[in-house]
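Below is one structure, written out as structure tokens, with a few remarks after it.
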Amino acid sequence: MSWTATNTIRTADTNLYRVPNDQALEDATQSFDTLEVIAITLESEDGHRGLGFTYTIGRGGAATKQFLDDELVPLLEGQPVAPRTVRSNLRGETTFIGREGISEFAVAAVDVAVWDLLGKVTGLPLCELLGGSREAVRMYETDGGWLQYDANTLVENARRIAEDGFAGMKMKVGSSVDRDVERVRAVRDALPADLDLMLDANCSYTVPEARDLTGRLDDVAITWLEEPLPKGDYASYADLRERIDVPIATGENFYNETQFRQAIAQDAVDYVQPDVCRVGGITPWMNVAEQAAAIGLAVSPHYIEPLHAHLVRAVDNVPYIEHHSTVLDELLADPVPVEDGEIRPPDRPGHGMTFEDADEYRVD
């Protein structure tokens, strides 16, 4: 879908891409073998183009694109190249529809596109546009820790992650406490002592199960336990946090700033994990990071590392970001390299990514 006009934002085009994984990836609640990316390209009156995108894992991409086409694209004609203004206008027009799920994914794509367009107009990389620098960002790796791997494979992956220079490894838990304890101990023994180990339960435990797990691993160095409980149960998160010695991480499944505010207000979290495509875009991501920084909480964002590499350089409370997988790289004309466990924001204007060579993955 597209339209043309003669104001600041002149055209908008949307596309859906579907990229298969090399193998199905499993966590405690789902298995998925496809990355769906919903993209929007905005062109300004003077001919600059900004790319925004959001994603789903296997389903929901077509519905998100439809929402973009039907509800958001018609509102963009004549909007200024001003991210906060555009996002505020879009949310004002879609409040009745909801501020979670598909609507927030779609708003996120537009917000990212306007920030990228502003970078193109000003000639600045996104990190500098946000007030940061192009310094390299440390990363931990998740791709070696999926639930389908047996203990021997996890150990091999842990050794590779250490050799590749990453700051740590995240592994999936949540199949059963007995199996999780065995696998965690094997990985911790294989990782060098100076590398961090994170556990991700993907919202699959009850409070007693999470307490059982951490109690049986009380002699194991664990940096955080991620999403141990169902999303949104802030009171139970706060209760668990009081009862265990392992820090709690959560936020990848929060869809707006209010949810982060509630978790923080109830002392339910130690590491805040906003995902730029789920929380509604760059604008709310920065708000969440600044809110966390104000009270001394660390931020470590979920996935989309080429974008997050820019955002984290503009705040001071990020120990590292996640290296989730390389599936997104299949769409990029010039993937952002990871070297010695670090990623550096590109020096190109905006976020520096394009999907120019991705036609084979586009869904017509």
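Assorted remarks:
- Residues within the range 168-201 that are in contact with a Gly (Cβ under 6 Å, 6 or more places away or on another chain) and touching a residue at least 40 places away in the same chain (Cβ under 8 Å), tallied: 4
- Candidates N21, N15 - the one that is in contact (Cβ under 8 Å) with a residue 60 or more places away in the chain, of a type in the set (S, T, N, Q), in contact with a Lys or Arg (Cβ under 8 Å, 6 or more places away or on another chain) and not in a helix (DSSP H, G or I): N15
- Residue within the range 281-297 that is modelled with pLDDT of 95 or more, touching a Ser or Thr at 6+ places or on another chain (Cβ under 9 Å) and at positive phi present: yes
- Qualifying residue in the range 273-284 (condition: surrounded by fewer than 23 Cβ atoms within 10 Å (Cβ to Cβ), of a type outside the set (S, T, Y), in contact with a strand residue (DSSP E or B) (Cβ under 6 Å, 6 or more places away or on another chain) and within 21 Å of A167 (Cα to Cα)): no
- Total residues in the range 44-56, condition buried (at least 17 other Cβ atoms within 10 Å of the Cβ) and without any contact (Cβ under 8 Å) to a residue 60 or more places away in the chain: 1
- Matching option when the condition is over 20 Å from F53 (Cα atoms), touching a Pro at 6+ places or on another chain (Cβ under 8 Å), open to solvent by 20 Å² or more (accessible area, probe 1.4 Å) and at pLDDT 95 or above, among R348, R313: R313
- Taking the criterion of being among the β-branched types (V, I, T) and over 19 Å from P301 (Cβ atoms), the residues of the range 230-252 that qualify are I244, V246.
- Yes/no for G232 being of a type in the set (G, A, S) and either surrounded by 20 or more Cβ atoms within 10 Å (Cβ to Cβ) or under 24 Å from T56 (Cβ atoms) (or both): yes
- Residue within the range 329-345 that is farther than 22 Å from K170 by Cα, surrounded by 24 or more Cβ atoms within 10 Å (Cβ to Cβ), touching a Lys or Arg at 6+ places or on another chain (Cβ under 7 Å) and of a type outside the set (D, E) present: yes
- The single condition from (1) open to solvent by less than 10 Å² (accessible area, probe 1.4 Å); (2) over 25 Å from D33 (Cα atoms) that I161 fails is (2).
- Selection status of A28, in a strand (DSSP E or B), touching a Ser or Thr at 6+ places or on another chain (Cβ under 6 Å) and within 18 Å of D143 (Cα to Cα): no
- Of all residues in the range 93-128 being among the hydrophobic types (A, V, I, L, M, F, W, C) and open to solvent by 40 Å² or more (accessible area, probe 1.4 Å), the one that is nearest to R49 (Cα to Cα): V121
- Here is the figure for the range 135-194: residues that are more than 19 Å from A24 (Cβ to Cβ), of a type in the set (A, V, I, L, M) and part of a loop (DSSP other than H, G, I, E, B) total 4.
- Per the listing R134, R159, the residue uniquely in contact with a helix residue (DSSP H, G or I) (Cβ under 7 Å, 6 or more places away or on another chain), under 18 Å from V338 (Cβ atoms) and at pLDDT 95 or above is R159.
The values are calculated or read from the model by the stated rules, or taken from the named source; none is laboratory data. Not measured: the values here are computed from a predicted model. Please note: Cβ atoms are built from the backbone with ideal geometry, for glycine as well, and neighbour counts cover all protein chains shown. When the accessible area is computed, the model is the full protein with side chains, heavy atoms only, and any ligands, DNA or RNA have been set aside. Shrake-Rupley method; radii C 1.70, N 1.55, O 1.52, S 1.80 Å.
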